[in-house]
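This report refers to the structure that appears directly beneath it.
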Amino acid sequence: MKNVKFFALLLCAVSLVGCSSLLGDNNDDPSVNPEDVGYFSIEIDDVSAHSATVSVTASDNLPADWIWDVATAEDVINEEYVEAYLLEYYAYQLEQFGATEAEYPFSKFLLEVGLKAGTTDTFTFENMFSPNTVYKVWACALDEDGGAAYIKTKAFKTNVATDGDSGGNDGDDSGTITGTATIEKPYSNLTANVNFVAEEAYIIEGGSFWDDYAMSSLFNHESFYIELYGPYVGEDYEWMVLDLLAPASATTPEGTYTVGYSGNYIALSSVRIDYGGENNYSYAGSCYGFGIDEEDLYADFESGTVKITKSGSGYNVVVDAKCGSHTIKATYTGALAPSEEVYGQSPKLYEYHTKSPRRSVGGECRMKR
């Protein structure tokens, strides 16, 4: 499975067969529904409040290679959707390879993103979904230009969460707690003070995200998740995660946030969320890092403030934090790009599946520490 920035994009590197007439006779015949031609079968099993296992099988008769993914119920899966999906992924690959379109043409990219006819692909989405929510699996063939044909979709709905539910139980609306959040001792391997100027920033509005975790001081807050990135130094770069909670009525991230676990404006320190079951946990909280390997620098915020003010059409972000004896400072001025602009038409990927390496370092390092 490729680790890319889309929701599931479970693809293998295989040769795309010649299919210049793929969008021909069947799709031109109004009596034939592309979803009914039998090229794809989709099975969805082990559905819980947060998880599901999806298997997609393509017929031996499919005249091309194919892809599949999972989308939200609101997404309209058509040729335009698939085109935008592929172009976003292609642009991401160019960036990662540091290549031009001439060096890595779209035609070569298409050779590396398809599954073969007659194969089954299965993936378990573990704690990647929201409770009581409709999603839909989609699959389609690709012609030699990346055009979509024979699109097949199948919807499913996750279960309602119950008290203490980690994603494995049916339930009703009587309970909302889906995990247990506990305060962790801040960690740091810093050897010097930190002070960097970020050049990129992204924001995700999480709504009442923390109402689902049993730490009552975090309830009734609006969640803003911000990632800041400095310039590359060789192959590495500085990054910072700001896990912010504002009052429930907040519509922008403006405010002065105090590092800790209580108050109207909170910049979370280190929190562990246990979902139930062995090795079923994650970390949250504001933190700093350089690089993404275990030996690289990392530090949770232990104290301090994060101040965000409006600046024209963008924001000023000033971080003045501390962990142990070291200060952790950062500044950023500019736009906070929302997740839908970064990820195109895909769902809110931070909750569900893979991202580009620059967008996942915070979670990666917290899990490794």
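The values are calculated or read from the model by the stated rules, or taken from the named source; none is laboratory data. The structure presented is a predicted model; accordingly, all values stated were derived computationally and were not measured. With ideal geometry, Cβ positions are generated from the backbone for all residues, glycine too; neighbour counts draw on all protein chains shown. Only protein heavy atoms, including side chains, enter the accessible area calculation; ligands, DNA and RNA are left aside. Shrake-Rupley method; radii C 1.70, N 1.55, O 1.52, S 1.80 Å.
Looking only at the range 49-73, which residues are part of a strand (DSSP E or B) and open to solvent by less than 10 Å² (accessible area, probe 1.4 Å)?
Ala52, Val54, Val56, Ala58, Trp66, Ile67, Trp68, Asp69, Val70, Ala71 - these are the residues of the range 49-73 that are part of a strand (DSSP E or B) and open to solvent by less than 10 Å² (accessible area, probe 1.4 Å).
Just for strands (runs of 3 or more DSSP E) wholly inside the range 242-312: which have at least 1 residues that are modelled with pLDDT of 90 or more and on the phi > 0 side of the Ramachandran plot? Write out each step before concluding.
Numbers: elements: 255-260, 266-268, 271-274, 281-284, 287-290, 297-300, 303-311.
The qualifying strands (runs of 3 or more DSSP E) are 255-260, 303-311.
Here's a check for you: in the range 74-93, which residue that is within 15 Å of Val134 (Cβ to Cβ) and either out of contact with any Phe, Trp or Tyr (no Cβ under 6 Å at 6 or more places or on another chain) or in a strand (DSSP E or B) (or both) is most open to solvent (accessible area, probe 1.4 Å)?
Here the residue is Glu74.
Considering only residues that are at pLDDT 75 or above, in a loop (DSSP other than H, G, I, E, B) and hydrophobic (A, V, I, L, M, F, W, C), which ones fall in the range 155-200?
Matches in the range 155-200: Val160, Leu190, Ala192, Ala198.
Which is touching a residue at least 40 places away in the same chain (Cβ under 8 Å) and more than 27 Å from Ser313 (Cβ to Cβ), of Ser216, Ser269? So that I can check it myself, show each step before the final result.
On the way: Ser216 fails: touching a residue at least 40 places away in the same chain (Cβ under 8 Å).
Within the list Ser216, Ser269, the selection yields Ser269.
Can you pull out the residues in the range 103-150 that are among the hydroxyl-bearing types (Ser, Thr, Tyr), in contact with an Asp or Glu (Cβ under 9 Å, 6 or more places away or on another chain) and over 21 Å from Thr57 (Cα atoms)?
The answer is Ser107, Ser130.
Can you pull out every residue in the range 240-260 that is of a type outside the set (Ser, Thr, Tyr) and surrounded by fewer than 16 Cβ atoms within 10 Å (Cβ to Cβ)?
Residues satisfying the conditions are Pro247, Ala248, Glu254.
Of these, Ser282, Ser303, Ser269, which one is surrounded by 24 or more Cβ atoms within 10 Å (Cβ to Cβ) and not aliphatic (A, V, I, L, M)?
Testing whether each residue is surrounded by 24 or more Cβ atoms within 10 Å (Cβ to Cβ) and not aliphatic (A, V, I, L, M) leaves just Ser269.
Restricting attention to the range 131-145, which residues are over 17 Å from Ser55 (Cα atoms) and open to solvent by 10 Å² or more (accessible area, probe 1.4 Å)?
If the condition is that a residue be over 17 Å from Ser55 (Cα atoms) and open to solvent by 10 Å² or more (accessible area, probe 1.4 Å), then Pro131, Asn132, Thr133, Val134, Asp143, Glu144, Asp145 are the ones that fit.
Give just the number: which of (1) under 21 Å from Asp143 (Cα atoms); (2) at pLDDT 90 or above does Val47 not satisfy?
Condition (1) is where Val47 drops out.
Among the residues of the range 95-109, which ones are open to solvent by 60 Å² or more (accessible area, probe 1.4 Å) and touching a Leu at 6+ places or on another chain (Cβ under 8 Å)?
Thr100, Glu101
How many of the residues making up the range 44-88 are within 25 Å of Ser107 (Cα to Cα), among the acidic types (Asp, Glu) and in contact with a Lys or Arg (Cβ under 8 Å, 6 or more places away or on another chain)?
2
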